[in-house]
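Before any comments, here is the structure.
The values are calculated or read from the model by the stated rules, or taken from the named source; none is laboratory data. Computed from a prediction, not measured in an experiment: that's the story for all the values here. As a convention, Cβ positions derive from the backbone with ideal geometry for all residues, glycine included, and neighbour counts pool all protein chains shown.
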Amino acid sequence: MVTASDSLSAASAISLPGALAWSSLPYVSTPSVNGPACLAEEWPVEAAPPDLLFPTGPIPTTNISGMQHIGKLGSGSWGKVDKMVDASGATFALKQPRAAHGDTTQDAEDQRESIAHEIHMLQLLHGHPRVMPMLSVVGVPVDTLQGKQLVRKTGLAFSMPLALGGTVFDFQKDLWLKGWRTPPLAISRCFLQAAEGLAHLHANRIVHLDVKTDNFLLVGERELGQGPLDFHPDVRMADMGYAQQQTMHAGTGWLSPHPAEYGTMGFASPELLDGHPYLDLYASDVYSLGKVLMDTILMVPPVMGNSPEGTFDGMVADFQRQFPGSWHEVENAWGGQHIRLLDMAELMCHPEPAQR
């Protein structure tokens, strides 16, 4: 299991890629080391964004004009994900600002910067099999309101492989509707791959801050065959919109100031929810992954961890009270292996960050 100390020792040997090499391209200002959020406003919409250089080679760049929209896959606070097809007939997912294509909103500039930030995070994480890969960077028009004036700017989007199996949450929902409980083998397979993805982030000094079942995608069809034991997942971590790269701070070391934004309340650590001024954000991610493990075992929505009902003991007690028959199944089915997995979740959800 990933711990903050393990992550920090691994990170010391990591050589991160340098700043993006954009300075020689027309219409583009040289970005800072914090990523491509400072695109020059005069960069023409019809042009493809300049190549981003990765340790394993350049990522292709293009614009949206040669793509066709097939359907909507999902949306969040800052971005939306659509199913697209290109001129060759290849299908893929495209994540772009919600304000793209004439959706004029006051927060369009924030959306534009958030997607650019996520592209930068994916640049730093490129090449790991448990992180959803970025296939290309795409230029999209974004119409923003400045006062009463409509201003068209260039935003960034990025393409990804389609997650044909949906999310780990979708997998759980399928099992629930079929009357099946997730077997320990399927939980272990998903959890191990999810932990590998989070370990890669921590080894690169990046914290996710929105670890939840919806942010682990299943590549490939979600075929259950004769039952959930036939499930062989290919889990990829996704949605780096809240991710932060960590640095050593004078006076507090690796404890970080409380982030201005973070993800989903039911999965967030108690210290995040309580507003502690300085936090071990690696340990907060580990707590959230423990909540993911609990969620896949108990198959009930998590409760906020800064309430008595949201602690590990509180959630288990509430589950026992609401679903006594299901708890008997958790205790006795599969040779008690669910209980052993819950023991691991309890360690990860310890109220003291240093004990996780």
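Summed over region 254-291, residues that are acidic (Asp, Glu) and surrounded by fewer than 18 Cβ atoms within 10 Å (Cβ to Cβ) total 2.
Based on this model, can you work out whether Asp295 counts as charged (D, E, K, R) and either under 30 Å from Trp180 (Cα atoms) or touching a helix residue (DSSP H, G or I) at 6+ places or on another chain (Cβ under 6 Å) (or both)? When the stated conditions are applied, Asp295 passes them. Return a yes/no flag: does region 135-151 have any residue that is surrounded by 20 or more Cβ atoms within 10 Å (Cβ to Cβ), within 30 Å of Asn332 (Cα to Cα) and touching a helix residue (DSSP H, G or I) at 6+ places or on another chain (Cβ under 6 Å). There is no residue in region 135-151 that is surrounded by 20 or more Cβ atoms within 10 Å (Cβ to Cβ), within 30 Å of Asn332 (Cα to Cα) and touching a helix residue (DSSP H, G or I) at 6+ places or on another chain (Cβ under 6 Å).
Name the single residue that is nearest to the chain's Cα centre (by Cα) among those in region 160-194 being aliphatic (A, V, I, L, M) and within 19 Å of Met121 (Cβ to Cβ). Of everything passing the filter in region 160-194, Ala194 is nearest to the chain's Cα centre (by Cα).
Within region 286-312, if we keep just the residues that are assigned to a loop (DSSP other than H, G, I, E, B) and among the hydroxyl-bearing types (Ser, Thr, Tyr), the residue that is nearest to the chain's Cα centre (by Cα) turns out to be Thr311. Checking each residue in region 139-189 for being within 25 Å of Gly266 (Cα to Cα) and among the β-branched types (Val, Ile, Thr) picks out Thr167, Val168, Thr182, Ile187. What about Gly220, is it of a type in the set (Gly, Ala, Ser) and outside the structural domain of Gln337 (by TED's automatic domain parsing)? No; evaluated as a whole, the condition is false for this residue. You will find that of Val151, Val137, the residue that is among the hydrophobic types (A, V, I, L, M, F, W, C), in contact with a strand residue (DSSP E or B) (Cβ under 9 Å, 6 or more places away or on another chain), without any contact (Cβ under 8 Å) to a residue 12 or more places away in the chain and not assigned by TED's automatic domain parsing to the domain that holds Gln245 is Val151 and no other. Does Pro277 satisfy the condition of being in the same structural domain as Leu293 (by TED's automatic domain parsing) and under 30 Å from Val300 (Cβ atoms)? No, not satisfied.
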